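Engineer: Before I ask anything, let me first share the structure, which is written out below as structure tokens.
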Amino acid sequence: MKKISAVVALIAVAAFSATAFAAVPNGEAIFKEKCAACHPDGGNIINPKETLKGLKNTKIILAKIRAGGNGMTKFDAKTVSDADAKAVAEYIIKTFKK
Ligand code: HEC
């Protein structure tokens, strides 16, 4: 009996971590797919003054993703989910410091 419940517990843990892993959005991958065309290396090919370097505030990045404007694509929640947008914002803050 003990063995069986241990095996069941193991399977449950394995299944849980697999879903948990899949559910964590990869900020870098999303950035490369949706943002890097205009913001290569955190720069800005359309408006070189508006780079992504030195940004510190997640909320400002999230707002820009949703609002777009002045040459930037507007991304709605279907294109970039809230979780993805947050992951991208965190990736930008930790990657493009200067
Ligand atoms: C079609 C080109 C394009 C794409 C794609 C694009 N951007 Fe932008 N982005 C711009 C332009 C142009 C600006 C400057 C807009 C302005 O002056 O208001 C900008 C500005 C920004 C800013 C504000 C920078 C600052 O210094 O305040 C952030 C943050 C940003 N983009 C993030 C993103 C993210 C995240 C993505 C991907 C989900 C993305 N952008 C995709 C063109 C783009």
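Every read-out reported here was derived from the displayed coordinates using simple, explicitly stated rules and does not represent laboratory data. Note that this is a predicted model, so its numbers are computed, not measured. Every residue, glycine as well, gets a Cβ built from its backbone with ideal geometry; the counts of neighbours run over all protein chains shown.
Engineer: Of all GluC sites (Glu not before Pro) in region 21-98, which ones are in loop regions per DSSP and have a Cβ with at most 16 other Cβ atoms within 10 Å? Before the final figure, lay out the partial values.
Structural biologist: Details: sites: Glu28, Glu33, Glu50, Glu90; in loops: Glu50.
When the GluC sites (Glu not before Pro) of region 21-98 are filtered for loop state and at most 16 Cβ neighbours within 10 Å, Glu50 remain.
Engineer: May I pose another question? Can you pull the Rg over Rh of region 26-95, Cα-only, Kirkwood?
Structural biologist: Working: Rg = 10.8 Å, Rh = 11.9 Å.
Rounded to two decimals, Rg/Rh equals 0.91.
Engineer: Let me ask something else about it. How large is ³J(HN,Hα), in whole Hz, for each residue of region 89-98 in order, when computed from phi with the Karplus curve 6.51 cos²θ - 1.76 cosθ + 1.60 and θ = phi - 60°, using x for Gly and Pro?
Structural biologist: Residue by residue, region 89-98 yields 4, 5, 4, 4, 4, 7, 9, 9, 7, 9 Hz.
Engineer: A follow-up question, please. At Ile60 and Thr73, where each label point lies 7 Å from the Cα along Cα→Cβ, what is the point-to-point distance in nanometres?
Structural biologist: 2.3 nm
Engineer: Could you list which residues have their amide H under 5 Å from that of Gly43, counting only those 5 or more apart in sequence or on another chain, with H placed in the peptide plane?
Structural biologist: Hits under the 5 Å cutoff: Leu52.
Engineer: Another one. Cross-link candidates for Lys56: which lysines have Cα within less than 22 Å, leaving aside residues fewer than 8 places away along the same chain?
Structural biologist: Answer for Lys56, where 22 Å is the Cα cut-off: Lys32, Lys34, Lys64, Lys74, Lys86, Lys94, Lys97, Lys98, listed by chain and number.
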